[in-house]
Amino acid sequence: MLAEPLVISIVLLAVAVALGYFVFASFWFGAGYQPTPRRSALTMLRLAELSPKDTLYDLGAGTGALVFRAARIYRARVVGVEVEPIRVLALKLRRRFGGPTDRVTIRWGNLFDLDFTEATVVATFLWPAAMERLRPKLEAQLREGARVVSHCHPVPGWTVATRDRATDVYLYRWPEAAPGRRSVPSLGVVEEPERSPHDQHP
């Protein structure tokens, strides 16, 4: 009789440990785990104006909130980058069983070691310190016409092309986003050009 409660306790402990590792392990690898909300993920893909001609790099792919939607809905080529090994395994299993295998590549490694020269779109949901560290690498390697979409945290010093406040998503276009360019207000607000005194009406 005592064996049954013991087994249940062991199973519950194992589940708790597994969940704790899944959620917090990436802190040990240099990034916390916080899934991109579905609505924000859809906004990121929409603002990026994805097409089958694009190559999307999803930095910190997690469990694939962006990866598989981008490949299925927009038929883009997608490179999902993740540092935490359990999530890499989950991504590869999703790709193997039901994912669009011909358009999705999963890479296990540090996003700061990547070469972004092939990327036409970069998607991020990273902490501010990581965004600051990533910025010079993007500036050095992004091709003209590339887009960067970020959830929650802006790219420091860059000029925003569009911001959707409802989902907290930022869109940048390169090289228009280069530091010193004029900022554009949030989505749905049109910035009017300045008028000369001759254009003023009493």
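Laboratory data are not the source of any read-out in this text; all were calculated from the coordinates shown. The model shown is predicted, which means the values in this text are computed figures rather than measured ones. For neighbour counting, all protein chains shown are included, and Cβ atoms are generated from backbone atoms with ideal geometry for every residue, glycine included.
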Study note, to complete from the structure: Scoring only Lys, Arg, Asp and Glu (+1, +1, -1, -1) among other residues with Cβ under 12 Å from the Cβ of T120 yields +1
Exercise for review: Note the direction-averaged projected area, equal to a quarter of the hull surface, for the Cα convex hull of segment 108-169, in nm².
Suggested key: 4.5 nm²
Review point. What is the Cα radius of gyration of segment 26-178 over 2.2 N^0.38 Å, N being its residue count?
Key: 0.94
Practice item. Would you mind computing, in nm to one decimal, how far apart the modelled labels at T117 and R72 are, each placed 7 Å from Cα along Cα→Cβ? Key: 3.4 nm
Study note, to complete from the structure: Ordered by fewest other Cβ atoms within 10 Å, a rough proxy for footprinting exposure, T167, T105 read T105, T167
Practice item. Run the quick spin-label model on R165 and W127: label points 7 Å from Cα toward the beta carbon, then report their separation in nm to one decimal. Key: 2.8 nm
Practice item. Note the full-extension length gain between K92 and R38 as 0.36 nm times their separation in residues minus their Cα-Cα distance, in nm to one decimal. Key: 17.4 nm
Check your understanding: When the Karplus curve 6.51 cos²θ - 1.76 cosθ + 1.60 is applied with θ = phi - 60°, which whole-Hz ³J(HN,Hα) does each residue of segment 113-124 get, with x for Gly and Pro?
Key -> 9, 6, 10, 9, 5, 8, 6, 9, 9, 10, 10, 9
Practice item. For segment 43-56, just list the computed ³J(HN,Hα) in residue order, Karplus coefficients 6.51, -1.76 and 1.60, θ = phi - 60°, integers in Hz, with x standing in for Gly and Pro. Key: 5, 4, 5, 5, 5, 6, 6, 5, 8, x, 7, 8, 10, 9
